[in-house]
1. Normalised by the number of residues in the stretch 69-132, what is the relative contact order in percent for Cα pairs under 8 Å and 6+ residues apart?
2. Carbon and sulfur: what percent of the chain's accessible surface (1.4 Å probe)?
3. How high is the FRET efficiency from ALA135 to GLN179, r the C-beta distance, R0 30 Å, rounded to 0.05?
4. For the stretch 22-94, rounded, prolate or oblate, judged on the Cα gyration tensor with a ≥ b ≥ c (square roots of eigenvalues), a/c < 1.5 rounded, else prolate if a/b > b/c?
5. Tell me the per residue accessible area of the chain using a 1.4 Å probe; a whole number in Å² is fine.
6. What distance in nm separates the two pseudo spin-label positions at GLN193 and ASP117, each 7 Å out from Cα along the beta-carbon direction?
7. List the equivalent ellipsoid semi-axes of the chain in whole Å, largest first, each obtained as the square root of 5λ for an eigenvalue λ of the Cα gyration tensor.
8. Between ASN100 and GLN12, what is the label-to-label distance in nm when each label sits 7 Å out along the Cα-to-Cβ direction?
Amino acid sequence: MNTSNPINHPPQAVHLQPGDALIVVDVQNDFLPGGSLAVPHGDEVVAALNRYLASFQARSLPVYATRDWHPAGHCSFQSQGGPWPPHCIVNTPGAQFAANLQLPPSATVISKATRPDKDAYSGFEGTDLDARLRATGVRRLFIGGLATDYCVLNTVRDALSCGYQVFLLEDAIRAVNVQANDGVKAERAMVAQGAVPMEWKMLS
Ligand code: VGL
Ligand code: ZN
């Protein structure tokens with residue numbers, strides 16, 4: 001299997017191995033249908049991610065879950081001149097992970113965008129995620145969650161620039177699509193940067 005040239009030679013099979021980790025991006029109630037910043041079909045990532053979670057747990061591979069964790073009055077909120085309705089405010093139901101997301105007790109939770117005056121779409125920005133991954137000997141990241149065109153896009157970009165090999169979980173991402181093609185554009189950008197697109201059925 002050759003994964004060195006993802007655009008021309010996408011892999012047919014991906015074998016999980018030591019050094020692999022799963023990153024679940026922002027699967028929080030406010031990003032699901034009924035939430036304050038609902039991602040269309042955002043709930044559909046949960047079943048897909050549960051399959052990956054089971055595969056990683058079966059191999060005792062580490063899982064990280066990022067969460068948007070904003071103080072009330074965060075700078076990204078429209079009330080403060082930002083682009084978004086209030087969402088993922090600390091210790092509110094909207095900030096909780098989806099109830100049916102089967103995170104293992106061993107999952108590491110990474111809170112981001114926790115300061116009132118700074119937004120952060122990437123799970124690496126202003127967090128110790130990279131240090132934790134390095135300390136655990138992680139080399140390859142399998143990344144899915146919400147939203148394709150914001151936090152997944154920025155997390156994948158930073159993962160690649162930190163030197164990780166990145167598999168983009170195409171069956172476990174959904175886009176906000178402020179503009180209709182934002183999600184598709186984000187996927188193309190991630191692959192152009194070096195992310196390898198895959199889906200769960202390719203795991204062996
Ligand atoms: C996100 C918009 C605002 C995301 C977070 O998780 O993709 N999007 N804050
Ligand atoms: Zn946010």
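1. Numbers: 83 pairs, mean separation 20.6, N = 64.
Relative contact order here is 32 percent.
2. Roughly 51 percent of what the probe reaches on the chain is carbon or sulfur.
3. On the way: r = 39 Å, r/R0 = 1.30.
For R0 = 30 Å, the calculated efficiency reads 0.15.
4. Details: a/c = 3.28, a/b = 2.05, b/c = 1.60.
It is prolate, given that a/c is not under 1.5 and a/b is the larger ratio.
5. Numbers: 9120 Å² over 204 residues.
Each residue of the chain exposes 45 Å² on average to a 1.4 Å probe.
6. Result: 2.7 nm between the two label points.
7. Numbers: eigenvalues 138, 64, 53 Å².
Here the semi-axes work out to 26, 18, 16 Å.
8. Here the modelled spin labels are 3.4 nm apart.
The values are calculated or read from the model by the stated rules, or taken from the named source; none is laboratory data. Only a predicted model underlies this, so the values are computations on that prediction, with no experimental measurement involved. Counting neighbours? That spans all protein chains shown, and the Cβs are built from the backbone with ideal geometry, glycine included. Surface accessibility is based on the protein's heavy atoms, side chains included, excluding ligands, DNA and RNA. Shrake-Rupley method; radii C 1.70, N 1.55, O 1.52, S 1.80 Å.
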